[in-house]
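Here the structure comes first, spelled out in structure tokens, and everything after it is commentary.
Read-outs throughout are calculated quantities, based only on the coordinates presented, and are distinct from any laboratory measurement. Every value quoted in this text rests on a predicted model; they were computed, and no experiment measured them.
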Amino acid sequence: MGVSWRYRLDGVEHNGGEFCWVTPAPPTRAPAWWDDLPAELRNLQERLCVLEYHPRAGDAVEVKLELRAGSAPLWLEHRGELFPMSIGVAEYFERAIEMRGVFGWQALYCDWKDHLHSTREGLADLRQLFP
């Protein structure tokens, strides 16, 4: 399922957010760039499958589900860098809907500090648009 939205606030148009949830499936073949990873990261990448990405925005953000016996932690990947998330799958979907997919909302649930400033701006606009 994929949906993206834009909004106009004070006469200025903005990218609002995007959802693109997919059925998680592990990679069938490792991309060549995995060869350059340390063994521990390569093993982690082999257990990750995409849960959500943003094809319209092209912001290089994916949320991945780790296939692990007994649990399924989430990871945010931004341009090849992985950040463990502090929420599970059910809460992820609840927060995504609550936040209306505002770009960068995932930064609130992981250590993705370089995106917090623009996330705060988007959330402030969200409060104005949906009081």
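Miscellaneous remarks
- Highest GNM mean-square fluctuation among A96, A39, A69, for the chain modelled with Cα contacts below 10 Å: A69.
- Global form of region 55-131, assessed from the alpha-carbon gyration tensor, a/c cut-off 1.5: prolate
- Three-way shape label, region 63-103, alpha-carbon gyration tensor, a/c 1.5: oblate
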